[in-house]
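Here is the structure we will look at.
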Amino acid sequence: MATWGMVIDLDRCTGCQACVMACKAENNVPSVGREEAGKGRVLSWMQVLAEPDEEHEGEVKRFIPRPCLQCDDPPCTKVCPVYATYKNPEGIVAQIYGRCIGCRFCMAACPYNAKFFNWHEYQRPTAGQNPDVSLRPKGVVEKCTFCHHRLQKAREQAAVEKRRLLPGEYNTACAEACPARAISFGDLSDPTSEVARLSRSPRVFRLLESLGTRPKVTYLTEGEGRG
Amino acid sequence: MAERLEVDELLLDPIRKTGRGFWIAFAALLGLIAWGAAAYLTQLRVGLGGTGLQQPVSWGFYVTNFVFFIGISHAGTLISAILRLSKAEWRRPVTRMAEVITCMVLLVGGGQILVDLGRPDRLLNVIQYGRYQSPLLWDATSITAYLTASTVYLYLPMIPDIAILRDNLHGKWNFLYRVLALGWTGSERQHQILNRAITIMMVMVIPIAVSVHTVVSFVFSMTLQPMWHSTIFGPYFVVGAIFSGIAALIIAMLIFRRAYRLHAYLKPIHFQYLGQLLLVMSLLWFYFTFAEYLTAYYGGEPEEMKVFWSKFTGRFRFQFWAMFTCNFVVPIVCLTRLKKNTIPRVLIASITIVIGMWLERYIIVVPSLSAPRLPFQEGSYAPTWVEWGELAGSFGLFSMFYLLFTKFFPVISIWEMKEGRHQAIGEVMERVKSYLPDTAEPATAHAGGTEVAP
């Protein structure tokens with residue numbers, strides 16, 4: 001069975017936010033408006049975190065695109081009282097919007113702040129939304145799913161054509177949109193895939209690795225002579 | 001068989017008569033409840049966005065209230081069970097009031113979770129799809145067990161009193177007392193069974209009570225968040241719970257002492273003993289707080305230190321030092337040398353402790369969430385009128401439950417007072433004698449009878 005993972009090369013990331021916008025459009029992540037954003041309620045499954053430079057006041061040291069890190073030992077799934085969030089057999093941490101009771105325990109437990117809450121009803125069905133992704137009602141938690149609907153679609157297509165899923169057939173919106181090709185996505189269990197090759201690089205590091213959450217989204221540090 | 005009351009008629013007065021004071025209190029509490037209801041309806045309509053919660057501070061007042069109210073519940077059944085178990089004779093006028101607090105406040109405390117949910121309509125998913133790995137389910141189990149046990153433990157010692165009400169009050173509520181008295185006649189055998197049942201319940205209720213606040217603390221300590229992931233949280237929460245509980249009990253006792261003129265029953269000596277207990281708990285609370293913060297400080301892990309300094313000198317410093325003053329400084333000043341001015345001093349300390357313990361819960365919940373491990377998304381939390389309304393409404397609801405209880409049942413156990421007068425004095429004398437070394441002569445021989453012949 002595949003293990004889906006992502007490698008983000010910080011050497012390539014320019015902080016352009018294309019991944020953020022692609023994610024929002026793909027997954028029907030609503031824009032919450034200026035007032036709500038001011039209250040700290042922005043919904044953005046993919047975020048580009050700007051790490052400040054301690055040596056140079058006001059400068060950004062590096063940009064860290066942060067989707068859900070799809071931990072292999074996720075702190076969020078353990079605490080859910082209703083199995084609304086769980087790790088599926090292919091390692092994707094999923095969220096069942098129709099079951100979530102909105103206790104926000106998973107948000108409190110996630111050390112990466114990768115889960116988001118619908119504080120209000122932020123959107124109604126309108127034209128231009130992606131029909132493959134359900135809209136979230138008010139009062140539930142939502143999160144990055146590695147564009148899971150794309151996997152389902154690709155798999156259906158392969159089933160119709162009576163063949164196996166080919167590498168590259170399933171890709172996330174953020175990886176697709178990145179103009180600098182900083183984001184690679186694919187099957188970590190396939191040693192020939194690009195993402196598996198990159199994840200063997202000596203430049204690999206994980207966010208908050210010491211917590212033992214074993215994220216399947218890993219990063220490549222800036223190369224020598226940089227950063 | 002109609003039991004005749006001679007001396008304790010006074011205890012039935014609040015049930016017989018309803019004065020102006022009751023209606024004023026009733027109206028005031030109704031006002032608070034209305035505020036809470038308006039807040040909750042608003043929240044249902046607009047969603048949790050009506051509160052000041054946001055990312056990353058996704059838990060605020062409601063979770064604070066939950067921990068606080070569940071903590072208050074430890075006043076009652078636990079204290080009452082410990083006092084009964086240790087045969088503290090001064091407990092007699094105290095236990096009933098304590099037990100009522102537990103039952104009423106557990107309902108309100110458990111309700112906080114419902115208020116906190118984004119989708120209260122899906123609450124029953126917890127039963128249908130319950131995942132036992134989640135500390136929230138441990139809470140639900142433990143609190144349900146505690147509520148059940150506490151209700152039984154409140155009800156059992158009330159049976160003889162309900163029989164007294166059945167025989168003495170012939171109003172429209174008589175049927176209620178007739179049903180609840182379960183045919184109590186006061187026979188020797190009934191007393192034996194009752195005492196046995198009370199003994200079983202009080203032994204059972206102590207571990208349950210300890211488990212309740214331990215698993216409440218697990219909600220926090222099982223996560224990896226800085227300053228939450230701590231092994232000390234279980235006992236720390238239990239100590240804080242008993243601490244705030246005793247303070248709430250003292251306040252309730254003083255209110256009813258004044259409102260129902262119970263001065264003859266609740267004497268300064270009772271408050272002195274409870275005050276001393278409170279002082280011990282204050283020291284214990286300080287000990288745990290000290291151990292908790294010193295460990296974090298000495299370890300100096302950067303993420304923990306961020307939370308640590310936000311409490312000591314940063315944006316939560318007012319709440320933090322107010323908590324410290326309320327829970328430690330004021331109690332130490334007020335509760336030492338309690339012989340003089342006992343009641344006002346105990347009252348001041350109790351009020352500050354209740355406030356201080358609420359702040360303590362707040363200072364545990366909010367700062368850790370405000371400074372997450374990935375430092376790029378810090379948040380500050382400011383409650384709106386919705387959260388204040390829920391706090392006021394919860395307090396109003398709890399007080400209203402309590403007030404209504406006192407209108408139906410005596411707040412001081414009549415039969416236990418009687419037992420104290422008629423039996424306990426003799427029993428205590430026997431008991432004390434049994435502690436002393438056996439002498440050939442009766443112990444009454446001489447005043448200076450400590451020299452014992454071998």
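Coordinate-derived values only; no laboratory data. Note that the coordinates shown come from a computational prediction; the quantities given were computed from them, not determined experimentally. Cβ: placed from backbone, ideal geometry, glycine included. Neighbour counts: every protein chain shown.
Computed FRET efficiency, Cβ-Cβ of A:Glu35 and B:Leu123, R0 35 Å: what is it to the nearest 0.05? So, using R0 = 35 Å, E works out to roughly 0.70. Under 19 Å of direct C-alpha separation, and excluding same-chain neighbours fewer than eight residues apart, A:Lys138 reaches these aspartates and glutamates: A:Glu35, A:Glu36, A:Glu121, B:Asp116, B:Asp121, B:Glu387.
Got a sec? Which residues in the stretch A:47-77 would a label at A:Ser201 touch, if it sits 7 Å along Cα→Cβ and we count backbone N under 15 Å? Hits in the stretch A:47-77 for A:Ser201 at 15 Å: A:63-65. Take each residue of peptide B:217-223, count the partner chain Cβ atoms within 10 Å of its Cβ, and average: the result is 3.
Based on Cα contacts under 8 Å between residues 6+ apart, chain A shows a relative contact order of 30 percent. Against the empirical 2.2 N^0.38 Å (N residues), the protein assembly as shown has a Cα radius of gyration ratio of 1.16. Rounded to the nearest Hz, the phi-derived 3J(HN,Hα) couplings of the stretch A:183-189 under the Karplus curve 6.51 cos²θ - 1.76 cosθ + 1.60 (θ = phi - 60°) are 9, 10, 10, x, 8, 6, 7, where x marks glycine and proline. The shape of the stretch B:296-448 can be summarised by an equivalent ellipsoid whose semi-axes, obtained from the alpha carbon gyration tensor, come to 49, 26, 15 Å from longest to shortest.
Placing +1 at every Lys and Arg Cβ and -1 at every Asp and Glu Cβ, with all other atoms neutral, what dipole size does the stretch A:1-99 have around its Cα centre, in debye to the nearest 20?
It works out to roughly 620 debye.
Rounded to the nearest 20 debye, the dipole magnitude of the protein assembly as shown is 1400 debye, with +1 charges on Lys and Arg beta carbons, -1 on Asp and Glu beta carbons, and the Cα centre as origin. For A:Lys143, a cut-off of 20 angstrom between C-alpha atoms picks up these lysines, skipping any fewer than 8 places away in its own chain: A:Lys24, A:Lys39, A:Lys78, A:Lys87, A:Lys115, A:Lys153, A:Lys216. A simple count of charges around B:Arg16, restricted to other residues whose Cβ falls under 11 Å of its Cβ and scoring Lys, Arg +1 and Asp, Glu -1, yields 0. Compared with the dominant principal axis of the Cα atoms in chain B, helix B:159-168 is inclined by about 60°. Each peptide in B:212-225, B:248-261, B:178-191 receives the mean, over its residues, of other Cβ atoms within 10 Å, and ordering these scores from highest gives B:212-225, B:248-261, B:178-191. On the beta carbon distance between B:Ala38 and A:Val133, with R0 = 41 Å, the FRET formula returns roughly 0.65. Per-residue ellipticity at 222 nm, computed for chain A from helices alone with -39500 (n - 2.57) per DSSP H run of at least four residues, works out to -5000 deg cm²/dmol.
Which lysines have a Cα less than 24 Å from the Cα of B:Lys407, not counting those fewer than 8 places away in the same chain? Of all the lysines, those that pass the test against B:Lys407 - Cα under 24 Å, at least 8 places apart if same chain - are B:Lys17, B:Lys172, B:Lys267, B:Lys418. For chain B, the longest principal axis of the Cα atoms and the long axis of helix B:76-85 meet at an angle of about 40 degrees.
For peptide B:172-183, what's the mean number of Cβ atoms from other chains within 10 Å of each residue's Cβ?
So the per-residue partner count for this stretch is 0.
When the Kirkwood hydrodynamic radius is evaluated over all pairs of different C-alpha atoms of the stretch A:111-227, what value in angstrom, to one decimal, is obtained? Every distinct Cα pair counted, the radius reaches 17.3 Å.
Distant-in-sequence amide contacts of A:Cys71, defined by a placed amide H-H separation under 5 Å and a gap of 5 or more residues or a different chain, comprise A:Lys216.
Taking a Cβ cut-off of under 15 Å around B:Asp121, the surrounding Lys, Arg, Asp and Glu residues balance to a net charge of +3, with basic ones at +1 and acidic ones at -1.
Altogether, the Stokes-Einstein calculation at 25 °C and 0.890 mPa s, with the Kirkwood radius of the stretch B:351-425 over Cα pairs as Rh, returns a diffusion coefficient of 146 µm²/s.
Note on chain B: dipole from Cβ charges, positive end direction compared against B:Phe256, B:Gly426, B:Gly130; the farthest Cα belongs to B:Phe256. Note on the stretch A:1-157: percent of Cα-Cα distances in each 5 Å bin, starting at 0 and stopping at the bin with the largest distance, equals 1, 8, 15, 20, 21, 17, 10, 5, 2, 0, 0. Dipole magnitude for chain B: about 940 debye, using +1 per Lys or Arg Cβ and -1 per Asp or Glu Cβ, origin at the Cα centre. For B:Gln423 and B:Asn341, the difference between the fully extended length at 0.36 nm per residue and the C-alpha to C-alpha distance is 26.3 nm. Projecting the Cα positions of B:Ala75, A:Gly91, A:Cys68 onto the charge dipole of the protein assembly as shown (unit charges on Cβ atoms of Lys, Arg, Asp and Glu, taken about the Cα centre) puts B:Ala75 furthest along the positive direction. Rg of the Cα atoms in the stretch B:261-307, relative to 2.2 N^0.38 Å, amounts to 1.99. Percent of C-alpha pairs per 10 Å bin in the stretch B:23-95, short distances first: 16, 25, 27, 20, 11, 1.
Averaging 1/r over each pair of different alpha-carbon atoms in chain B and inverting the result gives 23.9 Å, the Kirkwood hydrodynamic radius.
Karplus-based coupling profile of the stretch A:31-44, in residue order and whole Hz: 8, 9, x, 4, 5, 5, 4, x, 7, x, 10, 4, 9, 7, with θ = phi - 60° in 6.51 cos²θ - 1.76 cosθ + 1.60 and x standing for Gly or Pro. Pairwise inverse Cα distances across the stretch B:309-377, averaged and inverted, put the Kirkwood hydrodynamic radius at 13.3 Å. Put simply, the amide H of A:Glu142, placed in the peptide plane, has neighbours under 5 Å in A:Phe116, A:Phe117, A:Asn118, leaving out anything fewer than 5 places away on its chain. Specify the angular offset, from 0 to 90 degrees and rounded to the nearest 10, of the alpha carbon long axis of helix B:268-299 from the longest principal axis of the alpha carbons in chain B. The helix B:268-299 is inclined about 30 degrees to chain B.
Charge tally for B:Ala296 (other residues, Cβ to Cβ under 14 Å; Lys, Arg +1; Asp, Glu -1): -2.
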